[in-house]
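A short worksheet on the structure shown next.
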Amino acid sequence: MSVSTWDVDVIVMPKTGVNDPEGEAIRGGLKMLGYDSVAKVRAGRMIKLQIAATSSEEACAQASAMADKLLANPVIEVFEVEVVGLAKETAQL
């Protein structure tokens, strides 16, 4: 089987019920700017990876293992993994 390079996004967010001070600060800033319609903000992070794998399923499995072991704290965070597709270029993300 040939190995391809896959673009993979890992989105890490605080679990529901976990204090999110960054989200609250963003919400406060938006309200100060006049965006009173914003009721709630949850702030997380996106990690973009390029993974060498034989299939998108293998790339997804590798990224999930990475997120579970290092990229997310399973006590207070949840994560989603999305294989975006084959990498167009491998030099930069």
For the chain, listing chymotrypsin sites (Phe, Trp or Tyr not before Pro) in a DSSP loop whose Cβ sees at most 11 other Cβ atoms within 10 Å gives TYR35
Kindly state, as a whole number, the per residue volume in cubic angstrom of the convex hull around the alpha carbon atoms of the chain.
122
Which angle between 0 and 90 degrees, to the nearest 10, do you get for helix 21-32 versus the longest principal axis of the chain when only C-alpha atoms count?
50
Treating cross-link reach as a plain straight distance, find the aspartates and glutamates whose alpha-carbon is under 17 Å from the alpha-carbon of LYS88, omitting any fewer than eight places away in the same chain.
ASP7, ASP9
Rounding to the nearest 20 debye, state how big the charge dipole of the range 4-86 is about its Cα centre with +1 on each Lys and Arg Cβ and -1 on each Asp and Glu Cβ.
320
Helix-only estimate, please: 222 nm mean residue ellipticity of the chain, summing -39500 (n - 2.57) across DSSP H runs of length 4 or more and dividing by its residues, to the nearest 500.
-7500 deg cm²/dmol
Which of the trypsin sites (Lys or Arg not before Pro) across the range 1-64 are loop residues per DSSP, with 11 or fewer other Cβ within 10 Å?
LYS40
Listed residues VAL83, VAL38, VAL75, most fluctuating in the chain (Gaussian network, C-alpha, under 10 Å)
VAL38
By how many nm would the segment from SER55 to LYS31 lengthen if fully extended, with 0.36 nm per residue of separation less the alpha-carbon distance?
4.2 nm
Would you work out which of ILE11, GLY85, VAL38 lies farthest towards the positive end of the dipole of the range 4-86? Charges go on Cβ: Lys and Arg +1, Asp and Glu -1.
VAL38
Please enumerate, by chain and number, the lysines with C-alpha under 23 Å from the C-alpha of LYS40, excluding those fewer than 8 residues away in the same chain.
LYS15, LYS31
Note down the nm distance, to one decimal, between modelled labels 7 Å out along Cα→Cβ at ARG45 and at LYS15.
1.9
Mind pulling the angle between the C-alpha long axis of helix 56-66 and the longest principal axis of the chain? Nearest 10 degrees, somewhere in 0 to 90.
60
Need the full-extension length gain, THR5 to GLU82, defined as separation in residues times 0.36 nm minus the C-alpha distance. One decimal, nm.
26.3 nm
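FYI, it's all coordinate maths here, none of it is from the lab. Small disclaimer: the values here were computed from a predicted structure and weren't measured. Quick reminder, even Gly has a Cβ in these numbers, built from the backbone with ideal geometry, and neighbours come from all protein chains shown.
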